[in-house]
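Comments concern the structure below.
The values are calculated or read from the model by the stated rules, or taken from the named source; none is laboratory data. Predicted model only: the values in this text are computed from it and were never measured. Quick reminder, even Gly has a Cβ in these numbers, built from the backbone with ideal geometry, and neighbours come from all protein chains shown. The accessibility values were calculated without ligands, DNA or RNA, using every heavy atom of the protein model including side chains. Shrake-Rupley method; radii C 1.70, N 1.55, O 1.52, S 1.80 Å.
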Amino acid sequence: MILCQKKPDWGVFITFALYVNIRTKYMKPKIWLSSPHMGMMEQVFVKEAFDTNWIAPLGPHVNGFEADLQAFTGASHAAALSSGTAALHLALILLGVKAGDEVICQSFTFSASANPIVYQGATPVFVDSEKDTWNMRPEYLDAAIADRIAKGRKPKAIIAVHLYGMPAKMEAIAAVAAKYDIPLIEDAAEALGSHINGQMCGTFGKLNILSFNGNKIITTSGGGALLSEDGELIAKARFLATQARDNAPHYQHSYIGYNYRMSNVVAAIGRGQMVVLNERIAARRANYERYVKLFGEINAKGFHIELLPEPEGFFSNRWLTTITIDPAKNKGITREDVRLALDVENIESRPLWKPMHLQPVFADAPFYGDGTSEKLFDQGLCLPSGSNLGVEDWMRIEEVLGRVF
Ligand SMILES: *Cc1c(COP(=O)(O)O)cnc(C)c1O
């Protein structure tokens, strides 16, 4: 059969191929991993801030947002701050972490969990994850503390993280913290609304942090909060977060202060987002269920893609749906194959967090673990998980995943 009488015109062919490539990449709207999703009330609250000229830092929406956070989580006290990172930094300051100290931190996390340790001139000591929740493994936490104490360096604090919304094994972690009498900080930046048997993430530690950055389950554009049962610590946090002004008519300072408070305009967005938080959690959990169904169908064709089920009593807000792909069990397909196939279609996905003990900047920090988080980093992928994914978005995502597998 003669397919082509003339010699093919490669110039035309290549131009056309480039056009198709660019068209698919840039003409279809981007599907984000997790993008802001506003409700009906944010602009109403922001307008109120403008109408009453409460534009300066602090104001009634800040107080209102703090009350909303307390009511939702059950925390006794909350301070709204400029970011989750600022909240963690204040937590370490309040616990007296100083230059030369050591602080234990989950290795498998975003760098913002560990950076504030270094802001204080202290050294992070990283602890690996366990397989059920991907969070800090209590046995390694215990071993790490025992070893640091044997070296004459008892850690000043422990930072546990609830990654992707999945609660860490807080009962066991808190027991280790209590055994050695070391204060526990919960990094619940990704876990607002997650709980264990009804106790909300953000209420387990001595000081606990939330984030409202742009891609979190709710966002104020940027912001964070510090939660605690200890009202004195939160009062101190508010003091330090507003430049540590002594009680005097002039500006007088007995402590180094920070400009870490949330503004009234930003808090107005937060109050609007709190109205829809439960809907956002339901939507993210529905995303997870949809992926479970999709990968159930794919696995029935001879693949073995794993999701992360909730342990008994654990409730995840499913901030991001994550999968792990072992190429040995998936006909050689790697998570990079999946990520790149989605990327060509302008769909964002992302490898799981690169563990902190593998980060160049933390190369010298001690680490206690067995490689669990390294394997997760090698094989894991975060899938588009926004609460605002539409019917067409899902068609595109399912088409690519169906094609790859
Ligand atoms: C987002 C995040 C933070 C930092 O919060 P910001 O508000 O962005 O400063 C800290 N820890 C974890 C695990 C996060 O995901």
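So here's what we get for this one:
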read-out: Which listed residue, of PHE239, PHE212, PHE295, is over 18 Å from LEU163 (Cα atoms) and assigned by TED's automatic domain parsing to the domain that holds ALA174; value: PHE239
read-out: Index of the failed condition, ILE234 passing every other in (1) part of a loop (DSSP other than H, G, I, E, B); (2) under 27 Å from ALA177 (Cβ atoms); value: (1)
read-out: Checklist (1) in a loop (DSSP other than H, G, I, E, B); (2) farther than 30 Å from TYR288 by Cα; (3) among the charged types (D, E, K, R) applied to ASP142, failing item; value: (1)
read-out: Filter pass, LEU358 being open to solvent by 20 Å² or more (accessible area, probe 1.4 Å), free of Cβ contacts under 8 Å to residues at least 12 places away in the same chain and more than 19 Å from GLY165 (Cα to Cα); value: no
read-out: Pairs, first within 23 Å of GLU279 (Cα to Cα) and open to solvent by 40 Å² or more (accessible area, probe 1.4 Å) in segment 66-87, second modelled with pLDDT under 95 and aromatic (Phe, Trp, Tyr), C-beta under 9 Å, six or more apart; value: none
read-out: Evaluation of GLY302 against (1) surrounded by fewer than 22 Cβ atoms within 10 Å (Cβ to Cβ); (2) within 28 Å of the chain's Cα centre (by Cα) (one fails), failing number; value: (2)
read-out: Residue in segment 216-256 that is nearest to the chain's Cα centre (by Cα), counting only those that are under 18 Å from GLN120 (Cβ atoms) and surrounded by fewer than 15 Cβ atoms within 10 Å (Cβ to Cβ); value: ILE256
read-out: Leading residue by the ranking (farthest from the ligand (Cβ to nearest atom)) among those in segment 104-138 that are assigned to a helix (DSSP H, G or I) and open to solvent by less than 10 Å² (accessible area, probe 1.4 Å); value: ILE117
read-out: Test set (1) in contact with a His (Cβ under 8 Å, 6 or more places away or on another chain); (2) surrounded by fewer than 15 Cβ atoms within 10 Å (Cβ to Cβ); (3) small (Gly, Ala, Ser); (4) within 30 Å of ARG318 (Cβ to Cβ) - ALA268 fails condition number; value: (2)
read-out: Residue within segment 147-160 that is buried (at least 16 other Cβ atoms within 10 Å of the Cβ) and more than 28 Å from ILE256 (Cβ to Cβ) present; value: no
read-out: Near pairs, Cβ below 7 angstrom, 6+ apart or cross-chain, from segment 179-197 (in the same structural domain as ALA86 (by TED's automatic domain parsing) and at positive phi) to any residue that is surrounded by fewer than 21 Cβ atoms within 10 Å (Cβ to Cβ) and modelled with pLDDT of 95 or more; value: GLY193/LEU277; ASN197/GLY313
read-out: Residue match in segment 383-402 (condition: touching a Cys at 6+ places or on another chain (Cβ under 9 Å) and buried (at least 18 other Cβ atoms within 10 Å of the Cβ)); value: no
read-out: Residue in segment 37-57 that is farther than 21 Å from GLY224 by Cβ and within 15 Å of the ligand (Cβ to nearest atom) present; value: no
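For every residue, the table says whether it meets (1) of a type outside the set (D, E, K, R); (2) open to solvent by 30 Å² or more (accessible area, probe 1.4 Å).
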position	(1), (2)
GLU310	no, yes
ILE325	yes, no
ALA328	yes, yes
LEU342	yes, no
SER349	yes, no
